[in-house]
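The values are calculated or read from the model by the stated rules, or taken from the named source; none is laboratory data. In this text the structure is predicted, and so the values were computed from the model without any measurement. Glycine also receives a Cβ, built like all others from the backbone with ideal geometry; neighbour counts cover every protein chain displayed.
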Amino acid sequence: MSDAPMLSIADLNAWYDESHVLHGIGLEIREGECVTLLGRNGAGKSTTLKSIMGLVPRRAGSIRFQGIDLIAARPDQIGRAGIGFCPEDRGIFSGLTVEENLLLPPVIGPGGMSLDDIYSLFPNLRERGKSAGTKLSGGEQQMLAIARILRTGARLLLFDEPTEGLAPVIVQQIAAMIGEIKRRGFTILLVEQNFRFASQLADRHYLIEHGQVVDMITRDQLPEKQETLHQRLGI
Amino acid sequence: MMMIFGKPAPLLFGQLLLGIINGSFYAMLSLGLAIIFGLLRVINFAHGALFMVGAFVTWGLFHYVGIGFWPALLIAPVIVASLGLGIERGLIRFTYKLDILYGLLLTFGLALVLEGLFTNGFGSSGVAYNAPDLLSGVVNLGFMFLPVYRGFVIFAAIVICTAVWFIIEKTRLGALLRAATENPSLVQAFGVNVPRLIALTFAGGVGLAGLAGVLAAPLYSVNPNMGSALIDTVFAVVVIGGMGSIGGAILTGFGLGIIQGFTEVFYPPASSVVVFAVMAIVLLTRPAGLFGKAA
């Protein structure tokens, strides 16, 4: 692992119209890490991911990715810089087939997975290639949303609640897939409500409340911090 | 004389041909409108005026520069598309964050300005443009006489519509367009320059109107109002086919042209309203249009 973080965010503020949602978020992710953002509904976790991608109306602060400041960049420039985004609603296009959905994000650099690799990780997607993207089950749609950002060469992946609304057995499959993706050297920033799922995968957790980071917990600290987490997350 | 449904066969076939010719232009124009509406959510009222500009550019290329029909098929659409690019970058893009009515009013105003400028420059009676020698004359099909140029227009319209359908539905560029129609911000986050895609789509859509204008020049009188005469029907075609549906625009365009042609034979007074009667029936029974997805 190199010394400089892959992504470092400082004093990140974001607004939707008049409402001020993020109040100075600061966090760092090193290459190869899996980091989660934990917090209650409305704490600003998803907005943090959207702000990194430039998908909020207004944002300020500093977002440095591999040494480049992205705070003034357009979403397409941020995507091209090497950040892959898997949105909360999964963002599967109903007017496109499964295969078209998978091949839609342009390749932005080397280091992406080959299509064969992706199909061996997600065998369902090969069989369903010609059907409409939204004809898939919820779990398959989630896998498609994950799979399509693996082949572009993006090395930092943002996942927004990949287990939302899925059956426990599917959640375990998704956990295994994200674990495999991490083993392949991708860096992952994960937003999750499902704490058990997140604790299986993550090296570190940032606890977010009211648009601010209130605590940072490493995997080793989890047992001793269990009590605080339960109170703060209400789990 | 052979009779079909109590009408002389030559009359019937003649009107059928006219219907298919009109349908060709409905299809080509509604195609561009549907593509533009799908991605930009702009109801482009300037579409007919840009069709007219395409016809005038064709005439001007020959009249002033001596460039004939065949090169004009390529040059005139490029000129109209460039004009479209300027209109999108200079004007229309400022309406995206506003209510859809602003884009409609802006393009409606643009249409009036363009028609006014051409009326001022060339008068309202129009100018004449001849079909190229290769396509002049008539062939005897046995059951009717077919002017060669009209046959060419139908052939060209089918080729153009099929090509555009193929690009939108079967290519990577088309997949990007369809995806950006659904969720532009996600497509942009994937690294696609969506504002540029939108500008080029508008240029491409009005370029199609320009191309239709070239094909129309030898057929109709090239005059400043030739676009507004067609555009009402073309909007009805887009609505009947389903807003934003490419295949729907093509099939409805040809279909309505034919229906209009037959109405001309059997009950001429209804021929100018039949399209709108069909539109009313379709909207009552299928509000999203024949080929549209429910909104």
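Odds and ends about this structure:
- In segment B:156-188, the residue that is surrounded by the fewest Cβ atoms within 10 Å (Cβ to Cβ) out of those that are among the small types (G, A, S) and closer than 17 Å to A:E100 by Cα is B:G174.
- Look at segment B:185-206: where a residue is touching a residue at least 12 places away in the same chain (Cβ under 8 Å) and a partner is among the aliphatic types (A, V, I, L, M) and part of a loop (DSSP other than H, G, I, E, B), sitting 6+ places away or on another chain with Cβ atoms under 9 Å, you get B:V192/A:L104; B:F202/B:V42; B:V206/B:A46.
- Some residue of segment B:74-81 being without any contact (Cβ under 8 Å) to a residue 12 or more places away in the chain and within 14 Å of B:L215 (Cβ to Cβ): yes
- Condition check for B:L134: more than 20 Å from the chain's Cα centre (by Cα), within 14 Å of another protein chain (Cβ to nearest Cβ) and either touching a residue at least 40 places away in the same chain (Cβ under 8 Å) or assigned to a helix (DSSP H, G or I) (or both): no
- Residue check, B:G142 away from every other protein chain (no Cβ under 14 Å) and over 21 Å from the mean Cα position of the chain (by Cα): yes
- Of all residues in segment A:105-159, those being within 18 Å of A:E180 (Cα to Cα) and not in a helix (DSSP H, G or I) number 17.
- The sole residue among B:L73, B:L33, B:L17, B:L61 that is more than 19 Å from the chain's Cα centre (by Cα), of a type in the set (A, V, I, L, M, F, W, C) and assigned to a helix (DSSP H, G or I) is B:L61.
- Here B:M243 fulfils each of the conditions (1) within 14 Å of chain A (Cβ to nearest Cβ); (2) among the aliphatic types (A, V, I, L, M); (3) part of a helix (DSSP H, G or I) apart from (3).
- First in segment B:211-231 and under 8 Å from B:A55 (Cα atoms), second anywhere and part of a strand (DSSP E or B), Cβ under 9 Å, 6 or more apart: B:G213/B:V222; B:A216/B:V222; B:V222/B:V127
- Restricting attention to segment A:54-77 and to residues that are more than 14 Å from chain B (Cβ to nearest Cβ) and outside any strand (DSSP E or B), the residue that is farthest from A:D215 (Cα to Cα) turns out to be A:A72.
- Taking the numbered list (1) within 10 Å of chain B (Cβ to nearest Cβ); (2) touching a residue at least 60 places away in the same chain (Cβ under 8 Å); (3) among the charged types (D, E, K, R) in turn, A:E161 passes all entries but (1).
- Scanning segment A:26-34 for any residue that is modelled with pLDDT of 95 or more, at negative phi, within 14 Å of another protein chain (Cβ to nearest Cβ) and touching a helix residue (DSSP H, G or I) at 6+ places or on another chain (Cβ under 6 Å) turns up nothing.
- In segment B:110-126, the residues that are on the phi < 0 side of the Ramachandran plot and surrounded by 13 or more Cβ atoms within 10 Å (Cβ to Cβ): B:L110, B:A111, B:L112, B:L114, B:E115, B:L117, B:F118, B:T119, B:F122
- Selection within segment A:101-124 - in contact with a helix residue (DSSP H, G or I) (Cβ under 6 Å, 6 or more places away or on another chain) and more than 12 Å from chain B (Cβ to nearest Cβ): A:I118, A:Y119, A:F122, A:N124
- Considering the conditions (1) hydroxyl-bearing (S, T, Y); (2) farther than 25 Å from A:R196 by Cβ; (3) more than 8 Å from chain B (Cβ to nearest Cβ); (4) surrounded by fewer than 23 Cβ atoms within 10 Å (Cβ to Cβ), A:S46 is excluded by exactly one of them, (2).
- For B:V57: the one exception among (1) among the hydrophobic types (A, V, I, L, M, F, W, C); (2) at pLDDT 95 or above; (3) surrounded by 14 or more Cβ atoms within 10 Å (Cβ to Cβ); (4) over 25 Å from B:G257 (Cβ atoms): (4)
- Matching residues in segment A:78-100 - criterion: being within 8 Å of another protein chain (Cβ to nearest Cβ), over 22 Å from A:K45 (Cβ atoms) and assigned to a helix (DSSP H, G or I): A:R80, A:E100
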